[in-house]
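See below for the structure under consideration.
The values are calculated or read from the model by the stated rules, or taken from the named source; none is laboratory data. Remember, predicted model here, so these are calculated numbers, not experimental data. Note that each Cβ is placed from the backbone with ideal geometry, even for glycine, and that neighbours are counted across all protein chains shown.
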Amino acid sequence: MTLFQIFIPFLIAPFVPLIGKKREGRDLGMVLALVPFLLFISFLFEFINLKPASITPEVYQWIPSIGVDLAFRSDGLSLLFGLIITGIGSAVFLFAGGYLGRGIETIKFYIYILIFMGAMLGIVFSDNLLLLFIFWELTSFSSFLLIGFKHKYVASRYAALQALLVTGLGGLSLLAGVILINSVTGTFSISAIIADPSVIRESSLLVPIIILILGGAFTKSAQVPFHFWLPNAMEAPTPVSAYLHSATMVKAGVFLVARLNPVFTGINLWNDSLMIFGGTTMVVGAFLALKQTDLKKILAYTTLSVLGTLIMLTGYGSDMALITMIVYLTAHALYKGTLFLTAGAIDHSTGTRDVRILGGLLKKMPFTAYAGIIAAFSMAGMIPMVGFVGKELLYETSLSGEPALFFGVLFAGVVMVYSAIQAGIHPYFAPEKETPLSPHEGDFTLTAGTVTAATLGLILGVSASTLLAGMVGLAVSPVAGKTVDVSLGLWHGFNMVLFLSLGTIFAGYGLYTVREKLYLLPQVYGPLEYLMPSKLYDKALNLLMFTAKAQTSFFQNGYLRNYIITIFATALLLVGGYFFYHLDLTELVIDPSMEMYEAIAGVVIIAGAIIAAVANSRLYAVMALGITGLGVALVFILYGAPDLALTQFSIETLSVILFVLAIYKLPKFLKLSGKNSKIRDLIIASSMGVFITFVILAVYVHEHSSELKDFFASESLPGGKGRNIVNVILVDFRALDTMGEIMVLGIAAIGIYGLVKLVRKGG
Amino acid sequence: MILFLALITGILTTVGIFLLLRRSLVKVILGLAFLGHAANLLIFTIGRITKGKAAFVPEGLQSPFEPFADPLPQALILTAIVIGFGVQAFLIVLFKQNYKSLKSDDLDDMNTTDML
């Protein structure tokens with residue numbers, strides 16, 4: 001069942017062009033939004049009927065030899081993510097049709113985003129680490145296509161490549177971690193690993209495993225210092241930002257950490273890394289959000305901050321913290337997805353996303369305003385939104401922790417209020433200003449999704465003690481690795497936490513009143529600029545390109561002899577070096593005895609070779625080649641190979657004739673190479689010659705027993721009906737080789753014919 | 001004789017590579033031919049050589065009696081000789097056509113795809 005659900009998006013993707021022929025733009029979006037919506041309904045039924053005690057993985061064999069199965073597991077965590085992916089997906093699919101309009105680009109968009117949705121579902125439902133990795137990489141690739149969607153712009157292509165490289169590098173890290181886990185546990189099955197975590201926890205590879213897995217999670221979820229790709233990825237069309245860069249893909253890292261938390265929790269390296277990196281990201285993201293004026297950038301930096309908070313909460317590890325993580329994650333998906341889409345709707349209708357010139361949209365865009373305001377309330381943590389529940393829990397958790405943590409959370413909370421006002425209140429209530437386009441409400445595709453998602457945030461908040469608590473209870477147990485009792489409530493009376501909530505709201509409003517000053521904040525401070533991860537990324541990329549260029553122009557320099565020298569020098573150095581290092585000269589069989597006729601054949605060959613090497617006339621050189629060929633034929637005769645000799649004689653004669661026909665009119669050789677290059681070439685050539693000589697001598701050290709010789713000798717007559725064994729091999733035992741050989745000759749003949757007949761146009 | 005054959009193969013390799021590294025295209029083709037001879041002799045020699053007796057099944061017998069030459073390297077070399085010839089013939093004609101249009105057999109004039 002899960003297999004089917006996950007592959008539906010992949011199955012539908014190829015048919016999008018066909019559907020797109022009948023229905024364009026808005027209509028296409030309405031049809032395709034049915035895909036995530038129906039999946040959402042099916043996940044919802046599963047979620048309602050979920051019995052945590054009786055979850056069994058769904059396993060289909062795929063590559064049994066390396067332990068990769070199509071194994072899926074639908075527990076509370078998977079299903080919660082599945083609901084977010086398909087729920088926000090429905091809104092985004094509906095929105096994108098109206099937002100992007102008609103045309104071939106929209107069709108491409110839906111193909112990419114369907115593949116992305118399938119991959120994302122694959123990640124959250126996989127019960128096999130390698131399968132998870134495959135889907136993980138697939139999200140990286142599809143997000144590359146989506147970020148670079150406006151591929152005519154340099155900034156889009158740059159951002160797409162950056163996201164791909166950073167998350168791709170993290171993917172490699174994850175793969176290495178997965179392989180290490182497999183080498184320790186002998187399985188890729190997540191269920192099996194979680195069932196018996198002691199194998200990993202007690203292994204000597206624990207530290208590298210944790211570091212590599214976190215490398216994957218932190219790049220994907222844009223934790224400091226890998227955070228820089230996320231704000232740049234805002235080059236993508238707004239529906240992509242809403243979907244990938246707030247609700248789903250960037251949460252894949254959080255998901256991975258949550259999924260594997262039962263295995264590693266309690267190990268200091270794991271919890272501390274999560275808290276340090278998550279906490280840093282939370283504060284840095286919030287700080288960088290202060291000066292943003294672009295709606296999408298505001299949302300992107302606050303997303304960073306939230307991702308950091310989620311990672312930090314997982315690292316904190318208490319039941320309370322994990323519950324908070326799940327509530328906060330759900331709340332964030334609902335309000336941030338909504339705010340991104342309302343930002344897209346505002347951009348679509350006014351032509352700008354700059355908060356400084358937006359205002360007065362309440363009456364012009366009432367539905368968008370409703371969704372935006374409700375979502376902003378949730379983001380700011382106002383009662384009775386789900387965001388309020390999340391924020392209360394967050395403050396309560398942080399109060400029990402380190403003071404640094406508490407102040408970090410408080411700072412991020414204040415900025416969250418400030419950013420919520422900017423993104424969800426300011427555009428509707430601020431005084432109206434001149435915008436590039438005259439604002440108007442979009443049709444229902446641009447509002448239906450946001451209104452629903454924002455309302456859902458309200459419903460979940462109001463029903464905190466029932467609906468939300470039930471959901472969270474199912475989702476949090478797999479993260480904690482045990483059953484966790486969840487009791488949530490909207491109202492906790494007048495206590496410290498409520499007081500803090502009110503305080504942050506006032507402080508956030510205070511920041512809003514001095515926003516003009518905040519916009520002037522520098523992005524980085526002085527010497528920090530040189531340490532900025534994005535700068536380091538650029539430097540590393542430039543270095544890579546520079547090295548590639550230098551290496552290419554060094555090796556691929558267009559001179560044949562340089563290639564040949566490189567090849568032979570490498571062979572000499574590596575193979576020859578190894579060979580001579582292990583060569584035992586005393587073992588070699590040196591038998592200098594020879595007969596007169598053998599000597600004659602040898603002298604003929606050597607004479608021909610030397611004449612060819614030094615001749616300054618082509619004709620002489622060709623003659624010398626002929627002489628050598630005849631000498632080789634002589635050797636063949638002497639050592640029982642009459643067939644070879646016969647062939648060699650005729651072929652040698654033929655090639656000499658051909659050569660002479662082709663070159664007899666040409667002038668003498670010019671003296672092309674200088675003395676130095678001749679000496680260099682001679683050294684390389686003779687080293688290779690010496691190497692070959694010693695190879696032959698070394699081969700003779702070992703006894704030779706050829707089973708093939710015996711086989712062919714005894715089978716030639718009975719099996720091949722021939723007495724000339726060489727012939728039988730060629731035309732019978734290895735007839736296919738001979739057919740290939742004939743084909744090579746045929747192709748050469750066709751080539752020669754073509755070349756001879758070639759008439760060059762225009763002389 | 002093994003030493004002698006090994007030396008011959010080494011010298012043929014040397015000449016082959018030396019010619020392969022020249023700038024004249026004709027010499028490069030010759031170099032390939034010499035390298036081909038060297039390779040054939042290498043296979044022939046390391047397959048063990050047997051003086052005189054070819055791999056024939058004598059009349060009246062079902063299989064030859066030792067000593068006789070190993071037929072397998074011979075079969076491989078036979079294929080190599082013929083294919084080597086095919087390649088060489090093609091190269092010669094290619095060189096001829098190339099010379100017609102470039103009026104040069106200097107490889108350094110041929111390291112660009114653009115017309116000079």
Please specify each residue of the stretch A:396-415 satisfying the condition of being crowded, with 23+ Cβ neighbours inside 10 Å and of a type outside the set (S, T, N, Q).
A:GLY408, A:VAL409, A:ALA412, A:GLY413, A:VAL415
Pick from the stretch A:691-714 the residues that are surrounded by 17 or more Cβ atoms within 10 Å (Cβ to Cβ) and more than 7 Å from chain B (Cβ to nearest Cβ): which of them is nearest to B:LEU12 (Cα to Cα)?
A:PHE691
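Quick check on the stretch A:347-373: of everything there that is in contact with a Gly (Cβ under 8 Å, 6 or more places away or on another chain) and hydrophobic (A, V, I, L, M, F, W, C), which residue is farthest from A:ALA453 (Cα to Cα)?
Looking at residues that are in contact with a Gly (Cβ under 8 Å, 6 or more places away or on another chain) and hydrophobic (A, V, I, L, M, F, W, C), I get A:MET365.
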A:GLY576 being surrounded by 16 or more Cβ atoms within 10 Å (Cβ to Cβ) and within 9 Å of chain B (Cβ to nearest Cβ)
no
Which one of these does B:ILE43 not meet: (1) outside any helix (DSSP H, G or I); (2) more than 7 Å from every other protein chain (Cβ to nearest Cβ)?
(1)
Return a yes/no flag: does the stretch A:677-698 have any residue that is outside any helix (DSSP H, G or I) and out of contact with any strand residue (DSSP E or B) (no Cβ under 6 Å at 6 or more places or on another chain).
no
Could you tell me whether A:ALA333 is within 28 Å of the chain's Cα centre (by Cα), within 22 Å of A:LEU230 (Cβ to Cβ) and touching a residue at least 24 places away in the same chain (Cβ under 8 Å)?
yes
Total residues in the stretch A:168-210, condition among the β-branched types (Val, Ile, Thr) and not in a helix (DSSP H, G or I):
1
Flagged in the stretch A:645-669 as assigned to a helix (DSSP H, G or I), surrounded by 18 or more Cβ atoms within 10 Å (Cβ to Cβ) and either aromatic (Phe, Trp, Tyr) or touching a residue at least 60 places away in the same chain (Cβ under 8 Å) (or both), in numbering order, are A:PHE659
Counting only residues that are more than 14 Å from A:ASP643 (Cβ to Cβ), among the hydrophobic types (A, V, I, L, M, F, W, C) and at the interface with another protein chain (Cβ under 7 Å from one of its Cβ atoms), how many does the stretch A:724-759 have?
7
Let me spell it out: the conditions are (1) part of a loop (DSSP other than H, G, I, E, B); (2) under 21 Å from the mean Cα position of the chain (by Cα), and B:LYS27 meets all of them except one. Which number is the exception?
(1)
Complete set of residues in the stretch B:101-114 that are free of Cβ contacts under 8 Å to residues at least 24 places away in the same chain and facing chain A (nearest Cβ under 8 Å):
B:SER101, B:ASN111, B:THR112
How many of the residues in the stretch A:563-614 are at pLDDT 85 or above, out of contact with any helix residue (DSSP H, G or I) (no Cβ under 8 Å at 6 or more places or on another chain) and not aliphatic (A, V, I, L, M)?
5
If a residue must be surrounded by fewer than 21 Cβ atoms within 10 Å (Cβ to Cβ) and farther than 19 Å from A:THR566 by Cα, how many such residues does the stretch B:25-46 contain?
3
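From the list B:GLY10, B:GLY16, pick out the single residue that is crowded, with 17+ Cβ neighbours inside 10 Å, part of a helix (DSSP H, G or I) and more than 7 Å from chain A (Cβ to nearest Cβ). I'd like the intermediate steps shown before the answer.
Details: B:GLY10 fails: more than 7 Å from chain A (Cβ to nearest Cβ).
Answer to the selection: B:GLY16.
Condition first: among the acidic types (Asp, Glu) and either over 25 Å from A:THR647 (Cα atoms) or surrounded by fewer than 19 Cβ atoms within 10 Å (Cβ to Cβ) (or both). Now tell me which residues in the stretch B:62-116 satisfy that.
We begin by selecting, within the stretch B:62-116, every residue among the acidic types (Asp, Glu); these are B:66, B:70, B:105-106, B:108-109, B:114.
Of everything in the stretch B:62-116, those that are among the acidic types (Asp, Glu) and either over 25 Å from A:THR647 (Cα atoms) or surrounded by fewer than 19 Cβ atoms within 10 Å (Cβ to Cβ) (or both) turn out to be B:GLU66, B:ASP105, B:ASP106, B:ASP108, B:ASP109, B:ASP114.
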Close pairs from the stretch B:64-92: first within 7 Å of chain A (Cβ to nearest Cβ), partner β-branched (Val, Ile, Thr) and outside any helix (DSSP H, G or I), Cβ under 8 Å, at least 6 apart:
B:PRO64/B:VAL57; B:PHE68/B:THR50; B:ALA69/B:ILE49; B:ALA69/B:THR50; B:ASP70/B:THR50
The conditions are (1) more than 24 Å from the chain's Cα centre (by Cα); (2) closer than 22 Å to A:GLY470 by Cβ; (3) modelled with pLDDT of 95 or more, and A:LEU38 fails exactly one of them. Which is it?
(2)
Have a look at A:ALA13, A:ALA53, A:ALA33 and point out the one that is of a type in the set (A, V, I, L, M), assigned by TED's automatic domain parsing to the domain that holds A:VAL472 and farther than 29 Å from A:LEU130 by Cβ.
A:ALA33
Right, A:ALA423: assigned by TED's automatic domain parsing to the domain that holds A:GLY315, crowded, with 17+ Cβ neighbours inside 10 Å and closer than 30 Å to A:ILE48 by Cα or not?
no
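Among A:ALA624, A:ALA571, which is assigned to a helix (DSSP H, G or I), assigned by TED's automatic domain parsing to the domain that holds A:ILE684 and either on the phi > 0 side of the Ramachandran plot or within 36 Å of the chain's Cα centre (by Cα) (or both)?
On the way: A:ALA624 fails: either on the phi > 0 side of the Ramachandran plot or within 36 Å of the chain's Cα centre (by Cα) (or both).
Among A:ALA624, A:ALA571, only A:ALA571 is assigned to a helix (DSSP H, G or I), assigned by TED's automatic domain parsing to the domain that holds A:ILE684 and either on the phi > 0 side of the Ramachandran plot or within 36 Å of the chain's Cα centre (by Cα) (or both).
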Residues of the stretch A:147-178 being under 19 Å from A:HIS227 (Cβ atoms) and over 12 Å from the mean Cα position of the chain (by Cα), in sequence order, are A:ILE147, A:ALA155, A:TYR158, A:ALA159
